[in-house]
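Undergrad: Please find one structure pasted underneath; my questions will follow.
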Amino acid sequence: DYTGGGCPHILSEPQRTNLIPYSEDFSNSGWTKSDATVTSNSTTSPSGIINADKLVEDTSTATHNVYYGSPNTAVTSGLSYTMSFFAKAAERTSVRISNAAESNVNGQFNLSNGTIISSGSLASNSIVDYGNGWYRCVVSFTTTTTIAQANIALLDENDAISYLGDGVSGLYLWGVQIELGSYPTSYISNSGTALGVTR
């Protein structure tokens, strides 16, 4: 950065910790699959490796989702956190993420045009195009609880969260992150460290 003249210096991100274990492995038992299944390593992720999973709805009339709840993520009440994940459209083109431990902390995103469908009243949301159909969906919030639960749900063609599934439709997921801070930093992979991985 040459701002202010003189010798340039390197701009670096602040230290952050991804609090979500198994942040790329939705088949892990820590991720509960509700009226849905996960197909591992279904397509190339933003990392350039074939390690993105596919979340597929079943044939019930329900919310088709996956959430990390074993154990729930510990957070500090009154502080700002940011929850994010990468998603790519397949048969389904819209997705929702929420902190299931707290009302009105959620966001719904359209993965065919990269837009925010809706935001919970306590959330500040954004979506970033990562190329090749991938988007990073972001929800920032100030928590009023001591736990967080990343819950990702498929939406139907009318953006309904509860609907009759066909047993084959879904979309691709990769790289979930919950970090302490009011904005997202670059993704930090966590292959299972319960206390989080720190950059």
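The values are calculated or read from the model by the stated rules, or taken from the named source; none is laboratory data. Remember, predicted model here, so these are calculated numbers, not experimental data. Cβ coordinates were reconstructed from backbone atoms using ideal geometry, including for glycine residues, and neighbour counts include every protein chain displayed. Accessible surface is based on the protein model in full, side chains and every heavy atom, while ligands, DNA and RNA are left aside. Shrake-Rupley method; radii C 1.70, N 1.55, O 1.52, S 1.80 Å.
Undergrad: So Leu155 clears everything in (1) more than 22 Å from Thr17 (Cβ to Cβ); (2) surrounded by fewer than 20 Cβ atoms within 10 Å (Cβ to Cβ) except one condition, right? Which one?
TA: (2)
Undergrad: So if I check each of Gly133, Gly170, Gly175, which one is touching a strand residue (DSSP E or B) at 6+ places or on another chain (Cβ under 9 Å), closer than 28 Å to Ala74 by Cβ and either of a type in the set (Phe, Trp, Tyr) or surrounded by 14 or more Cβ atoms within 10 Å (Cβ to Cβ) (or both)?
TA: Numbers: Gly133 fails: closer than 28 Å to Ala74 by Cβ; Gly170 fails: closer than 28 Å to Ala74 by Cβ.
None of the others qualify; the one that does is Gly175.
Undergrad: Continuing with the same structure: Looking at Ile117, is it modelled with pLDDT of 95 or more, in contact with an Asp or Glu (Cβ under 8 Å, 6 or more places away or on another chain), closer than 29 Å to Ser60 by Cβ and open to solvent by 10 Å² or more (accessible area, probe 1.4 Å)? Give the derivation first.
TA: Details: modelled with pLDDT of 95 or more: yes; in contact with an Asp or Glu (Cβ under 8 Å, 6 or more places away or on another chain): yes; closer than 29 Å to Ser60 by Cβ: yes; open to solvent by 10 Å² or more (accessible area, probe 1.4 Å): yes.
Yes: the conditions hold for Ile117.
Undergrad: With the requirement that a residue be part of a loop (DSSP other than H, G, I, E, B) and within 24 Å of Val128 (Cα to Cα), what does the stretch 80-101 give you? Give the derivation first.
TA: Of the stretch 80-101, the ones part of a loop (DSSP other than H, G, I, E, B) are 90-93, 100-101.
Those that are part of a loop (DSSP other than H, G, I, E, B) and within 24 Å of Val128 (Cα to Cα): Ala90, Glu91, Arg92, Thr93, Ala100.
Undergrad: Return the only residue of Ser47, Ser27, Ser77, Ser34 being more than 17 Å from the chain's Cα centre (by Cα), at pLDDT 95 or above and either surrounded by fewer than 17 Cβ atoms within 10 Å (Cβ to Cβ) or not small (Gly, Ala, Ser) (or both). Explain how you work it out, then say what you get.
TA: Details: Ser47 fails: more than 17 Å from the chain's Cα centre (by Cα); Ser27 fails: more than 17 Å from the chain's Cα centre (by Cα); Ser34 fails: more than 17 Å from the chain's Cα centre (by Cα).
Testing whether each residue is more than 17 Å from the chain's Cα centre (by Cα), at pLDDT 95 or above and either surrounded by fewer than 17 Cβ atoms within 10 Å (Cβ to Cβ) or not small (Gly, Ala, Ser) (or both) leaves just Ser77.
Undergrad: List, please: which pairs have Cβ atoms under 7 Å, are six or more places apart or on different chains, and start with a residue in the stretch 42-59 that is under 17 Å from Phe85 (Cα atoms) and end with one that is acidic (Asp, Glu) and not in a strand (DSSP E or B)?
TA: These pairs meet every condition: Asn51/Glu24.
Undergrad: Take the residues of the stretch 50-74 that are farther than 24 Å from Leu19 by Cβ and small (Gly, Ala, Ser): which is nearest to the chain's Cα centre (by Cα)?
TA: Among those that are farther than 24 Å from Leu19 by Cβ and small (Gly, Ala, Ser), it is Ala62.
Undergrad: Within the stretch 3-22, does at least one residue satisfy the condition of being part of a loop (DSSP other than H, G, I, E, B), on the phi < 0 side of the Ramachandran plot, small (Gly, Ala, Ser) and surrounded by 17 or more Cβ atoms within 10 Å (Cβ to Cβ)? Reasoning before the result, please.
TA: The initial filter retains those residues of the stretch 3-22 that are part of a loop (DSSP other than H, G, I, E, B), namely 3-16, 19-22.
The next check asks that each one be on the phi < 0 side of the Ramachandran plot; those that pass are 3, 7-16, 19-21.
Next, from what is left, pick out any that are small (Gly, Ala, Ser): 12.
Still in the list and also surrounded by 17 or more Cβ atoms within 10 Å (Cβ to Cβ): none.
Checked the stretch 3-22: no residue is part of a loop (DSSP other than H, G, I, E, B), on the phi < 0 side of the Ramachandran plot, small (Gly, Ala, Ser) and surrounded by 17 or more Cβ atoms within 10 Å (Cβ to Cβ).
Undergrad: Please state which one of Thr144, Thr185, Thr193 is open to solvent by less than 10 Å² (accessible area, probe 1.4 Å), assigned to a loop (DSSP other than H, G, I, E, B) and farther than 21 Å from Lys33 by Cβ.
TA: Details: Thr144 fails: open to solvent by less than 10 Å² (accessible area, probe 1.4 Å); Thr193 fails: open to solvent by less than 10 Å² (accessible area, probe 1.4 Å).
On inspection, the qualifying residue turns out to be Thr185.
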